[in-house]
Amino acid sequence: MKRVNVRYFASVREAMGVERETVQTEANSLGELRDELIARGGSHASALMRGRPIRMALDQVMRPEDMAFTDGSEVAFFPPVTGG
């Protein structure tokens, strides 16, 4: 079991109703963590659902969802950002 600090940004934060939380997880990758959070239902499911474009960062670096993390890592979820 790992303990990770999860942060939510922009519209994901608005949908979740919280900016951050500490999560106990058995997930080994960012994608597995996302699936665990979706399985909680409620705001987690609607904000992070599959098919919704979500970017993920591990310890403040953009990473693919198959990236592994360790106990104490910081994981961030946010929508794609457009510039102009």
Out of Gly51, Gly72, I need the residue that is free of Cβ contacts under 8 Å to residues at least 24 places away in the same chain and part of a loop (DSSP other than H, G, I, E, B). Which one? Gly51
Taking segment 4-27, which residues are open to solvent by less than 70 Å² (accessible area, probe 1.4 Å) and of a type in the set (D, E, K, R)? Arg7, Glu21
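Mind counting the residues in segment 61-71 that are surrounded by 13 or more Cβ atoms within 10 Å (Cβ to Cβ) and either touching a Ser or Thr at 6+ places or on another chain (Cβ under 9 Å) or within 15 Å of Val81 (Cβ to Cβ) (or both)?
Count: 3.
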Is one or more of the residues making up segment 28-39 without any contact (Cβ under 8 Å) to a residue 60 or more places away in the chain, part of a loop (DSSP other than H, G, I, E, B) and loosely packed, with under 14 Cβ neighbours inside 10 Å? no
Any residue at all in segment 42-60 that's closer than 16 Å to Arg3 by Cβ and either exposed (fewer than 13 other Cβ atoms within 10 Å of the Cβ) or of a type in the set (Gly, Ala, Ser) (or both)? no
Take the residues in segment 1-15 that are in contact with a strand residue (DSSP E or B) (Cβ under 6 Å, 6 or more places away or on another chain) and part of a helix (DSSP H, G or I), then tell me which one is farthest from Glu32 (Cα to Cα). Ala10
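Yes/no matrix, rows are residues, columns are (1) in contact with a Lys or Arg (Cβ under 9 Å, 6 or more places away or on another chain); (2) farther than 20 Å from Gly72 by Cβ:
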position: Gly17; (1), (2): no, yes
position: Thr22; (1), (2): yes, no
position: Gly31; (1), (2): no, no
position: Ile38; (1), (2): yes, yes
position: Ala57; (1), (2): yes, no
So, in segment 17-44, exactly how many residues are over 11 Å from the mean Cα position of the chain (by Cα), of a type outside the set (Val, Ile, Thr) and at negative phi? 8
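The values are calculated or read from the model by the stated rules, or taken from the named source; none is laboratory data. Note that the structure is a prediction, hence the values are computed from the model and not measured. We place every Cβ from the backbone using ideal geometry, glycine too, and count neighbours over all the protein chains shown. Remember, those area values only see protein heavy atoms, side chains included, never the ligands or the DNA or RNA. Shrake-Rupley method; radii C 1.70, N 1.55, O 1.52, S 1.80 Å.
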